[in-house]
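Novice: The structure that follows is given in the form of structure tokens.
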Amino acid sequence: METREFDVLVIGTGEGGTTAAQKCATAGKRVAIVDVLPFGGTCALRGCDPKKVLIGAAETVARSRQLLGHGLDTAATVAWADLMRFKNSFTGKVPAAREASLQKAGIGTYHGLARFTGSHTVQVGDQELRAKQFIIAAGARPRPLGIPGEELLVDSTAFLELAELPADLTLIGGGYIAFEFAHLVARCGVAARILHRGARPLVHFDADLVAHLVTASREAGIEVVLDTVLTGIAQEPGGRLRLRAESGGHVVNYSAALAVHAAGREPNLAALDLDRAGIAYGPAGVTVNEFLQSTSHPDVYAVGDAAASGLPLTPVAAKAAFVAASNLLKGNHTPIAYGVVPTTVFSHPPLAAVGLTEAEATRQGLKFTAKSELTTDWFTARRLREPVSAYKVLVEEGSGQVLGAHLLGPDADEVINLFAVAMHAKLPARELQKLVFAYPTSASDIVYML
């Protein structure tokens, strides 16, 4: 078996892996990178970017429906095949372009599953790669449900490659993917259902705004089923799926043309044979210290979904990769500090958040005021005839610092970044309220939220 030697071996070619590999190569290290999937990672190929392209068309449909009889006499419709071709124009060239950019930086590229065979060696196909140090950025995969028939589910990757849409679709889970895909297909004329095991979905978001989004989802024709645990799936004659579930101690059955796994993801580590290298890991990923270094193997660092650190978001992975690579190159000198991290559910309307929820701030014993309001009758929402719009902002007593901001409505995904900037800069609410914003814009509403 051929063995090749490197200073640094990176596993994964998403934003985390690519950022780390390029930083190490720029520092003069001999670097190799390997991926079992096409180069580019989840966000660029199978997640954030292609999803956002599809959602852009769905937003246009939703807006046109809202304005029927109020300036528009025809609603837009989605031409799915055309939309998929447009989406593919973003994703199709990514693998080759990503690999070319890595090679241009002098990085060796390898395709296949990387399995550790020792503390400093991995096997990729019929090649052995030996490295002094490693960065694991292998991403995540759908979390196994452990129920009969789960192989009949399609994952988000397969959904984003559908040549045509079914007449109806059930999403298993109650997180980002479930709501984003449900809102997407509902605007494409598909009967959408969300089947969630918990009492409320989107548990990391503000409960009051989530309740408003659930109402808006149902008004958009999406069936939202809560407190219902999927226990098995079977295929019926003719191809439809029978979803067996339990709710309130009773067995219930649902029928679906297609069912999508949207019930969470886990670090994609099971096939890497980390135990053979002595790399400790758990359900949340590789166990790392504040420098993103493995607690059991000093020559290994981990970032993004592969590490038990930080939120599972692409910008978080990129930041972690920069810090991990710097610590690998210069010795541990920079602990990871993620700071305030905004996040968005790209439903219609979008739901966005940064900082603490009201429940979290209360549990921490903080003294704060919470200002919230339904803003459906504000100009920003009324001009688009948005079905629901709301906010909640938490301000700490005494310091006046914004502890958390939660937005539901037009441009929430953009306005939340202004709150993040203010929180990062520790700008008190009273100072933020003094700013003059371009008007009328969604951002100009901030002064009324404080």
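Every number in this text was worked out from the coordinates using simple rules, so none of it is lab data. Because the structure is predicted, anything quoted here is derived from the model rather than measured. As a convention, Cβ positions derive from the backbone with ideal geometry for all residues, glycine included, and neighbour counts pool all protein chains shown.
Novice: Assuming R0 = 51 Å, can you tell me the calculated FRET efficiency for the pair Glu223 and Lys330, based on Cβ-Cβ distance, to the nearest 0.05? List each step's numbers first, then the result.
Specialist: On the way: r = 54 Å, r/R0 = 1.06.
The computed FRET efficiency comes out at 0.40.
Novice: Would you mind telling me the antiparallel percentage of the DSSP bridges in the chain, rounded to 5?
Specialist: Details: 49 of 83 bridges.
In the chain, DSSP labels about 60 percent of beta bridges as antiparallel.
Novice: With labels modelled as points extended 7 Å from the Cα through the Cβ direction, what inter-label distance (nm, one decimal) is found for Leu311 paired with Ser64?
Specialist: Each label point is offset 7 Å from its Cα along the Cβ direction, giving 3.3 nm.
Novice: Can I get the semi-axes of the chain's equivalent ellipsoid? Compute them from the C-alpha gyration tensor as square roots of 5 times the eigenvalues, in angstrom, largest first. Provide the component values of the computation, followed by the final result.
Specialist: Details: eigenvalues 284, 172, 91 Å².
Those come to 38, 29, 21 Å.
Novice: With springs only between Cα atoms under 10 Å apart, run a GNM on the chain and tell me which of Asp305, Asp35, Asp275 wobbles the most.
Specialist: Asp275
Novice: Among Thr334, Thr380, Thr357, determine the one that fluctuates most according to a GNM of the chain built with springs between C-alpha atoms less than 10 Å apart.
Specialist: Result for the chain, Cα springs under 10 Å: Thr334 fluctuates most.
Novice: Could you check the spin-label model distance between Val251 and Ala100? Points 7 Å from the Cα along Cα→Cβ, value in nm.
Specialist: The two pseudo-label positions are separated by 5.7 nm.
Novice: Stretched out fully, how many nm does the piece from Ala438 to Arg200 gain, at 0.36 nm a residue minus the Cα gap? It would help to have the intermediate numbers written out before the result.
Specialist: Values: separation 238, 0.36 × 238 = 85.68 nm, distance 3.68 nm.
That pair, Ala438 and Arg200, stretches by 82.0 nm at full extension.
Novice: Using only Cα atoms and rounding to the nearest 10 degrees, what angle (0 to 90) does helix 94-104 make with the longest principal axis of the chain?
Specialist: Result, in degrees: 40.
Novice: Treating cross-link reach as a plain straight distance, find the aspartates and glutamates whose alpha-carbon is under 17 Å from the alpha-carbon of Lys392, omitting any fewer than eight places away in the same chain.
Specialist: By straight Cα distance, Lys392 reaches Asp206, Asp208, Glu358, Glu360, Glu373, Asp377, Asp411, Asp413, Glu414, Asp445.
Novice: Still on this structure, please answer the following. Tell me, in nm to one decimal, what length is gained between Asp208 and Thr117 on full extension, where the rule is 0.36 nm per residue of separation less the Cα-Cα distance? Before the final figure, lay out the partial values.
Specialist: On the way: separation 91, 0.36 × 91 = 32.76 nm, distance 5.01 nm.
Gain on stretching Asp208 to Thr117: 27.8 nm.
Novice: Give me the extension gain from Gln127 to Glu236: residue separation times 0.36 nm, minus the current Cα-Cα distance, reported in nm with one decimal. Intermediate values should be presented prior to the final figure.
Specialist: Working: separation 109, 0.36 × 109 = 39.24 nm, distance 4.49 nm.
Net length gain for the segment: 34.8 nm.
Novice: Summing -39500 (n - 2.57) over the DSSP H runs of n ≥ 4 in the chain and dividing by its residue number, what mean residue ellipticity at 222 nm do you reach, to the nearest 500 deg cm²/dmol? Each step should come with its number before you reach the end.
Specialist: Values: 13 runs with 132 residues, N = 450.
Helix-only estimate at 222 nm: -8500 deg cm²/dmol.
Novice: Taking R0 as 22 Å, what's the FRET efficiency between Ala425 and Ser372 from their Cβ-Cβ distance, rounded to 0.05? Please list the in-between numbers first.
Specialist: Details: r = 24 Å, r/R0 = 1.08.
So, using R0 = 22 Å, E works out to roughly 0.40.
Novice: If Rh is defined by the Kirkwood formula over all Cα pairs and Rg also comes from Cα, what ratio Rg/Rh do you get for the range 193-328?
Specialist: On the way: Rg = 20.2 Å, Rh = 18.2 Å.
Checking Rg against Rh, the ratio lands at 1.11.
Novice: Sticking with this one: Are there cysteines in the chain with no second cysteine's Cβ under 4.7 Å away, and if so, which?
Specialist: Cys24, Cys188
Novice: What angle, in degrees between 0 and 90 and rounded to the nearest 10, separates the Cα long axis of helix 412-424 from the longest principal axis of the Cα atoms of the chain?
Specialist: For helix 412-424, the angle is close to 60 degrees.
Novice: Counting only C-alpha contacts under 8 Å and six or more residues apart, can you give the relative contact order of the range 150-263 as a whole percent?
Specialist: Details: 215 pairs, mean separation 39.0, N = 114.
Contact order relative to length: 34 percent.
Novice: Of Lys23/Lys434; Lys51/Lys330; Lys51/Lys319; Lys93/Lys132; Lys93/Lys319, which ones are farther than 29 Å apart at the Cα?
Specialist: Lys23/Lys434; Lys51/Lys330; Lys93/Lys132
Novice: For the chain, what does the relative contact order come out to in percent, with C-alpha contacts under 8 Å and a separation of six or more? Provide the component values of the computation, followed by the final result.
Specialist: Values: 972 pairs, mean separation 65.7, N = 450.
About 15 percent, as a whole number.
Novice: For the range 322-449, what is Rg from Cα atoms divided by 2.2 N^0.38 Å, rounded to two decimals?
Specialist: Details: Rg = 16.7 Å, N = 128, 2.2 N^0.38 = 13.9 Å.
In units of the globular-protein estimate, the range 322-449 measures up at 1.20.
Novice: Would you mind checking the tilt of helix 80-91 against the longest principal axis of the Cα atoms of the chain, expressed as 0 to 90 degrees and rounded to 10?
Specialist: 40 degrees
Novice: Plugging the Kirkwood radius over Cα pairs into Stokes-Einstein for the range 150-263, at a temperature of 4 °C and a viscosity of 1.567 mPa s, what D comes out in µm²/s?
Specialist: Working: Rh = 14.2 Å.
Answer from the Stokes-Einstein relation: 91 µm²/s.
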